[in-house]
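**Student:** Structure provided below as structure tokens; questions to follow.
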Amino acid sequence: MTRQQAATNNHLSVIKPRATVLCVCFSVLYFSLAGRLVYLQAVRHAYFQKQADAYRVSKSLLPARRGLILDRNGESLASNVPAAAVYADPQEVPDPAAAAALLAPILHDTPAHLQALLTPRSTRVHFVSLKRRFVVPGIAVMPAQALTAAIKKTGLAGIYAVDDSSRSYPDGALAAQALGFTNGDGVGITGLEHSQEALLRGHDGRVVAEIDRDGRFLPGTTRRRVEAENGADIVTTLDSRLQGVADDELAKAVAAHHADHGVAIVLDPQTGEILALAQAPAFNPNAPRPTQKLSKAAALAVATRWKNDAVSDLYEPGSTLKTITVSAILQEQGLGMMDKRVYCSPTLPIGRRVIHEAADALTKNLGEQNLRGILRVSSNVGMA
């Protein structure tokens, strides 16, 4: 073996182990990287999919229209007006305090309240509602577009506005206690709004789709869409014209007699349908609560006005029960009893009790009366 061959063999004996070690190292790194990729893309796929969806997939409500409340002639007693819902992604708002100061005059809210909403509680919070059913003053149509334009002028990021609706009572205090009102979430609190909540509210829909950096839906990326089911309209037996007259006259009567409150019910004598259900004092269901802070007693007094005394309070039937007595007489003894005459004295002893005529009846000489006359003058003695 020559000296050159010996040197070559010696060199190969050194290089070969090193190459083997290097090959093993690269193989380990390659399989580690492949294993990591398999782990991330297969084992952890659901987790990272969820994280990605949090940024590029939006789950938005499709608000259902609340049903209308109409009078017997189809006139609207409770309707919906265009409004806007304003929401934010707190992660996109760099300075909550500055953003709140700019938004406060636009949303008619306090900077402190808005700052508390815009300050993220954690890095996972990407949605917070700032206003719902917000009616923009002076803007009758497309309030969401008006708000979006106003927000863009401030240069704020992460603040968005979408279409919404707000409950409205076009005739103000008309039949207020009968109709009731809804709260800030659109849920009926009193009156028909509360008792018929299941029919009126409908069911919100939902759309799940991918969005761009400005929060706009990307065409063709909708994953799921459930259309909203609007609430049912309710037609009452009330007549808004008669209701207005009853409200006005009752308010005058309460004021004239210095009464605490009053109730008036107008019925159709042929069917018994309620044509008007008035109560005084009334309130405006568009603004049922004063804006200023109230004491506990004042708040209770305000809430007392919401109660519909005509259907919730107990009243003695008084002379109205005489019609029931007359009906029973005619049913048992026939129509001939209408002409039977009796003497209506000022008092009539029955057992240990004495029936008296009403004070105003004592000033009249009722004398003999038939059943028609007894009912006409509302004689207690004659009816007994």
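**Student:** Filtering the range 87-97 down to residues that are touching a residue at least 40 places away in the same chain (Cβ under 8 Å) and of a type outside the set (Asp, Glu), which residue is surrounded by the fewest Cβ atoms within 10 Å (Cβ to Cβ)?
**Tutor:** Pass one, the range 87-97, residues touching a residue at least 40 places away in the same chain (Cβ under 8 Å): 87-94.
This time we only want the ones that are of a type outside the set (Asp, Glu), so: 87-88, 90-91, 93-94.
Working: Tyr87: 18, Ala88: 25, Pro90: 19, Gln91: 16, Val93: 23, Pro94: 10.
That would be Pro94.
**Student:** Looking at Gly351, Gly367, Gly318, Gly334 in this structure, which one is in contact with a strand residue (DSSP E or B) (Cβ under 7 Å, 6 or more places away or on another chain) and on the phi > 0 side of the Ramachandran plot? Walk me through how you get there before you give the answer.
**Tutor:** On the way: Gly351 fails: in contact with a strand residue (DSSP E or B) (Cβ under 7 Å, 6 or more places away or on another chain); Gly318 fails: in contact with a strand residue (DSSP E or B) (Cβ under 7 Å, 6 or more places away or on another chain); Gly334 fails: in contact with a strand residue (DSSP E or B) (Cβ under 7 Å, 6 or more places away or on another chain).
Matching residue, one of Gly351, Gly367, Gly318, Gly334: Gly367.
**Student:** Then there is this: Has the range 43-60 got any residue that is loosely packed, with under 10 Cβ neighbours inside 10 Å, within 29 Å of Val208 (Cα to Cα) and either at pLDDT 85 or above or of a type in the set (Gly, Ala, Ser) (or both)?
**Tutor:** Looking through the range 43-60, at least one residue is loosely packed, with under 10 Cβ neighbours inside 10 Å, within 29 Å of Val208 (Cα to Cα) and either at pLDDT 85 or above or of a type in the set (Gly, Ala, Ser) (or both).
**Student:** While we're on this one: Among Ala112, Ala100, which is the only one that is surrounded by 17 or more Cβ atoms within 10 Å (Cβ to Cβ), in contact (Cβ under 8 Å) with a residue 12 or more places away in the chain and small (Gly, Ala, Ser)?
**Tutor:** Ala100
**Student:** Quick one: which residue in Gln279, Gln331 is polar (S, T, N, Q), within 26 Å of Pro170 (Cβ to Cβ) and either in contact (Cβ under 8 Å) with a residue 24 or more places away in the chain or in a helix (DSSP H, G or I) (or both)? If you could, list the steps in order and put the result at the bottom.
**Tutor:** On the way: Gln331 fails: within 26 Å of Pro170 (Cβ to Cβ).
Going through Gln279, Gln331 in turn, the sole match is Gln279.
**Student:** Right, next: Within the bounds of the range 237-245, is there any residue that is among the acidic types (Asp, Glu) and either farther than 29 Å from Gly186 by Cβ or part of a helix (DSSP H, G or I) (or both)?
**Tutor:** Here is the first cut: in the range 237-245, the ones among the acidic types (Asp, Glu) are 239.
Remaining after also requiring either farther than 29 Å from Gly186 by Cβ or part of a helix (DSSP H, G or I) (or both): none.
Taking every residue of the range 237-245 in turn, none turns out to be among the acidic types (Asp, Glu) and either farther than 29 Å from Gly186 by Cβ or part of a helix (DSSP H, G or I) (or both).
**Student:** Out of everything in the range 354-368 that is loosely packed, with under 10 Cβ neighbours inside 10 Å and in a loop (DSSP other than H, G, I, E, B), what residue ends up being modelled with the highest pLDDT? Give the derivation first.
**Tutor:** From the range 354-368, those loosely packed, with under 10 Cβ neighbours inside 10 Å are 359-360, 363, 365; that's our starting set.
Next cut, in a loop (DSSP other than H, G, I, E, B) only: 363, 365.
Values: Thr363: 54, Asn365: 64.
Checked the range 354-368; the qualifying residue modelled with the highest pLDDT is Asn365.
**Student:** Go over the candidates Gln177, Gln145 one by one and state the one that is within 30 Å of Leu250 (Cβ to Cβ), not aromatic (Phe, Trp, Tyr) and not assigned by TED's automatic domain parsing to the domain that holds Glu249. Don't jump to the end; show me each part of the working.
**Tutor:** Numbers: Gln145 fails: within 30 Å of Leu250 (Cβ to Cβ).
None of the others qualify; the one that does is Gln177.
**Student:** Every residue in the range 247-263 that is in contact (Cβ under 8 Å) with a residue 40 or more places away in the chain and either aliphatic (A, V, I, L, M) or out of contact with any strand residue (DSSP E or B) (no Cβ under 9 Å at 6 or more places or on another chain) (or both), please. Explain how you work it out, then say what you get.
**Tutor:** We begin by selecting, within the range 247-263, every residue in contact (Cβ under 8 Å) with a residue 40 or more places away in the chain; these are 247, 261, 263.
Correct list: Val263 only.
The values are calculated or read from the model by the stated rules, or taken from the named source; none is laboratory data. What you see is a predicted model, and the numbers here were worked out from it, not measured in a lab. A quick note on method: Cβ atoms are made from the backbone with ideal geometry, for glycine too, and the neighbour counts reach across all protein chains shown.
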